[in-house]
Amino acid sequence: MEKKMTERIGEYRRMDWAVFYMRLFTGAMMLFHNIGKIQNYNEIIGSYPALLHIEPAAVFVIVTVVEVLLAVLIIMGLWVRPAAFLMAVGILLMFVWGGFGAGEQEFVWLGVYVFLIISGGGFYGFDTAIAAAGRKK
């Protein structure tokens, strides 16, 4: 019985490491994506819509800042589910705006964000540390 319990704890720890890796990978890729967007500003600014009478340049800045902040939250493991949910909503809005011909890359991102919505931040994140600190009081 004791060996089975130890094996199960080990399995959960491996899953926590997998979620930790997925968080780091996803956040880092989103940061690199935004660095590329900033570097190619002149080429891609025309593809941004003017929403609610807001200029495309302002929409670009708002979207980029929000994506960077959400990516940092995902990396830190802080509010992972809401951050991943907002990123998934952004991708779905992009599908609505640009049609489903947006590309398979967006479907991959959507799948990763759905995974993070389901899994949460895992054991190795600030959410777990904050929850543990709250229980000690």
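The values are calculated or read from the model by the stated rules, or taken from the named source; none is laboratory data. Remember, predicted model here, so these are calculated numbers, not experimental data. Glycine gets a Cβ as well: all are built from the backbone with ideal geometry, and neighbour counts include every protein chain shown. For accessibility, only protein heavy atoms count, side chains too; no ligands or nucleic acids. Shrake-Rupley method; radii C 1.70, N 1.55, O 1.52, S 1.80 Å.
So which of Ile91, Ile130 ends up being closer than 21 Å to Tyr12 by Cβ and out of contact with any Cys (no Cβ under 8 Å at 6 or more places or on another chain)?
After ruling out the rest, the residue left standing is Ile130.
Can you pull out the residues in region 97-119 that are modelled with pLDDT of 90 or more and open to solvent by 80 Å² or more (accessible area, probe 1.4 Å)?
Correct list: Val108, Ile118.
Residue-by-condition table, conditions (1) part of a loop (DSSP other than H, G, I, E, B); (2) of a type in the set (A, V, I, L, M, F, W, C); (3) buried (at least 17 other Cβ atoms within 10 Å of the Cβ):
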residue	(1), (2), (3)
Ala28	no, yes, no
His33	no, no, no
Glu43	no, no, no
Ile54	yes, yes, no
Ala83	no, yes, yes
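Answer with yes or no whether Gly122 is in contact (Cβ under 8 Å) with a residue 60 or more places away in the chain, open to solvent by less than 80 Å² (accessible area, probe 1.4 Å) and in contact with a Gly (Cβ under 8 Å, 6 or more places away or on another chain).
It is true that Gly122 is in contact (Cβ under 8 Å) with a residue 60 or more places away in the chain, open to solvent by less than 80 Å² (accessible area, probe 1.4 Å) and in contact with a Gly (Cβ under 8 Å, 6 or more places away or on another chain).
Okay, residues lined up against (1) modelled with pLDDT of 90 or more; (2) under 30 Å from Gly122 (Cβ atoms):
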site: Gly36; (1), (2): yes, yes
site: Asn40; (1), (2): yes, no
site: Ile45; (1), (2): no, no
site: Leu51; (1), (2): no, no
site: Ile62; (1), (2): yes, yes
site: Val72; (1), (2): yes, yes
site: Met76; (1), (2): yes, yes
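What pairs can you find where one residue is in region 16-42 and closer than 21 Å to Pro56 by Cα, the other is in a helix (DSSP H, G or I) and among the hydroxyl-bearing types (Ser, Thr, Tyr), and their Cβ atoms are less than 7 Å apart, with a gap of 6+ or different chains?
Asn34/Thr64; Lys37/Thr64; Ile38/Thr64
For Ala131, state whether it is closer than 24 Å to Ile38 by Cβ and either out of contact with any His (no Cβ under 8 Å at 6 or more places or on another chain) or open to solvent by less than 50 Å² (accessible area, probe 1.4 Å) (or both).
Considered against the rule, which asks whether it is closer than 24 Å to Ile38 by Cβ and either out of contact with any His (no Cβ under 8 Å at 6 or more places or on another chain) or open to solvent by less than 50 Å² (accessible area, probe 1.4 Å) (or both), Ala131 comes out as no.
Which one of these is within 19 Å of Asn34 (Cβ to Cβ) and at pLDDT below 90: Met87, Met94?
Exactly one residue qualifies, and that residue is Met94.
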